[in-house]
Amino acid sequence: MNRSKTTILSLLIVAACMVAGILGARASRGEQTFSLGDFSGIQPECAVETFEEDPSNENLVSLLKVLCYWAQVEGDETVPTLIAEYGSLFYDRVREGEADPSELGSDAEMMELLQWVDSYGAKRMP
């Protein structure tokens with residue numbers, strides 16, 4: 001009888017450790033840090049509208065940050081095509097000398113943004 005209690009207790013401990021490991025793995029995977037900011041208060045449609053009204057490079061970068069936030073953090077499946085579209089526009093501007101990433105944010109910030117933009121299919125410069 002004691003042996004079966006010990007076995008059951010051991011199995012419960014193993015199960016608890018497995019659950020803790022799975023939850024930890026999920027938390028660390030979901031913790032793929034999005035350090036460009038919290039844009040939960042800005043709807044993607046509003047960011048697009050702002051850019052359409054004033055298509056400056058600053059507004060384009062802000063739009064891309066908002067879209068990447070909504071795709072990555074909020075899981076909005078409607079914005080990846082917009083990221084690819086506006087990300088490609090950003091790359092076009094850089095190629096044509098109309099935008100300088102170093103003037104639009106820190107190197108680390110722009111590198112992270114461009115990694116997100118690339119991951120959603122923006123067409124880079126040839």
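Each reported figure results from applying straightforward, stated rules to the coordinates on display, with no laboratory input. In this text, all values refer to a predicted model and were calculated from it rather than measured experimentally. For neighbour counting, all protein chains shown are included, and Cβ atoms are generated from backbone atoms with ideal geometry for every residue, glycine included.
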* Work out, step by step, the length gained on full extension between Met111 and Asp54: first 0.36 nm times the residue separation, then minus their alpha carbon distance; give nm to one decimal. => 18.1 nm
* Asked: How many nm separate the modelled label positions at Glu85 and Ser4, each set 7 Å beyond the Cα in the direction of the Cβ?
  -> 6.6
* For Asp76 and Glu98, compute 0.36 nm times the residue count separating them, minus their Cα-Cα distance, and round to one decimal in nm. => 4.9 nm
